Amino acid sequence: MQNALDVAALDAAVENVHQAGMPGLFAEVRDGDQVWRGAAGVADVATGRPVTADMRHRVGSITKTFTAAAVLQQVETGRIGLDAPIGRYLPELVPGERGDAITVRMLLNHTSGLAEYLPYAYPSLKAYPALADTGPESLDDHRLTRFDPAELIATGVAAPAVGVPGGTPGVYSNTNYLLLGELLQEVTGTTAERCITRDVIERAGLPDTGFPAGPEVDGPHSQLYEAWFGMIDPPRDHSVHDMSWVGPSASLISTVTDLNRFYGLLLAGEIVGPSALEQMRRTVPVVSQEGRIIDYGLGLHPMEGPGQGAFWGHGGTVWGGGALAMTRTDGKRQMSVAVNMQRWNRLDSSGRPQPHPVDHALAALYRVAMYG
């Protein structure tokens, strides 16, 4: 069987990421009925408590796929027009000509031209993603700050535009997905979090997935170590952090098992119907937060492999934590990986992240997990 799980290679690949400098990581890989779960390293560097593959984890922008699925469900019912202007629904948040020009689809695929609010919410990160001259002070200042989504959106809308509506390449921006959260609330009469929980999380049967009730992660979880490009040394735990700074854009908590289940069902057409799924997989070029050009659909991102067909999913980062979930188009091969440190690369004199052994070890893990 060409793609059968190589347990020894997966065990070794996870351990190699830990040895390369990642405090802890855990993963689940599926091939048909075969399932491998593995973990390496520690959940707490102070106590040596080990990570385990069933831990709950902040999965960052993987949330965007859940939010996009909830929006597409409303498109299927006719409550939202995919190519309708956002100004039809939220004229006070995106007023005037921009509200008429920016469509729901443009928010979903980051071609709205709306700027990222993040550098304004966290002022010391002002140059992100061109990271020279940034510092981590805002991360501690705002650990427990309760942000108002309308104020964050207003900041992104008022900032200089990063493109014209519908122009490509688009520019990845959390402002788009906070607006989609407000759109869900407008058309369903309930909060985006409740709507996504009811229509996506519960529909998919994900027992360990949900939005945080407060700044803590409920249930067994790892500490989350933020290094901020070597400026926080040793890296500092940010597992307690108010997630209102991203809300329905990136605040979800899940497990690697739940993520594989979700993407498997989504790509099988069981969360949204086939025509909506086809729309989700129509991609445009988008400039990522790392400054790279990626293909991006409606809350989905493809990764092409050597002769194995496309994988679809999403990655995510928060302060201290990261995750990546990818499922092959046929649904047979799946990978979800969670790591408990972020921004481990140091910066060169121009502010660009330098290569790090963790990057190579993670790439090797992804290859083994996705392609055998």
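Nothing in this text is a laboratory measurement; each read-out follows from the coordinates by a stated rule. Owing to the predicted nature of the structure, the values given are computational and were not obtained by experimental measurement. Note that we place each Cβ from the backbone using ideal geometry, even for glycine, and neighbour counts take in every protein chain shown.
Numbers below:
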| read-out | value |
| --- | --- |
| Sequence-separation-based contact order of the chain, relative, with Cα cut under 8 Å and 6+ spacing, percent | 26 |
| Cα centroid separation, the range 1-33 to the range 132-178 (Å) | 35 |
| Extension gain (nm, one decimal) between ARG203 and ALA268, 0.36 nm per residue minus Cα-Cα | 22.0 nm |
| FRET efficiency estimate (nearest 0.05) - Cβ-Cβ, GLU290 to ARG49, R0 30 angstrom | 0.45 |
| Contour excess over end-to-end distance, with Cα ends at ALA150 and ASP348 and 0.36 nm allotted per residue | 67.6 nm |
| FRET efficiency estimate (nearest 0.05) - Cβ-Cβ, VAL187 to VAL164, R0 25 angstrom | 0.40 |
| Projected-area average for the range 276-372 over all orientations - Cα convex hull basis, square nanometres | 7.1 |
| Backbone N within the range 158-190 under 16 Å of label point (7 Å from ALA84 Cα along the Cβ vector) | 180-190 |
| Segment ALA310-HIS360, length gained on full extension (0.36 nm per residue, minus Cα span) | 15.9 nm |
| Selection from VAL240, GLY320, MET280, by position along the positive dipole direction of the range 174-330 (Cβ) | MET280 |
| Sum of -39500 (n - 2.57) over DSSP H runs of 4+, divided by residues of the chain (222 nm, nearest 500) | -8500 deg cm²/dmol |
| Kyte-Doolittle mean at least 1.0, axial Cα span of 30 Å or more - DSSP H helices of the chain | none |
| FRET efficiency, 1/(1 + (r/R0)^6) with R0 45 Å, evaluated for ASP141 and GLU97 via beta carbons | 0.80 |
| Residues listed by number, the range 57-79, amide nitrogen under 17 Å from ASP218 label point at 7 Å toward C-beta | 57-59 |
| 11 Å beta-carbon shell around HIS57, net charge (K/R +1, D/E -1) | -1 |
| Cα centroid separation, the range 83-109 to the range 41-67 (Å) | 35 |
| Neighbour-count ranking [beta-carbon atoms within 10 angstrom, fewest first] of LEU277, LEU259 | LEU277, LEU259 |
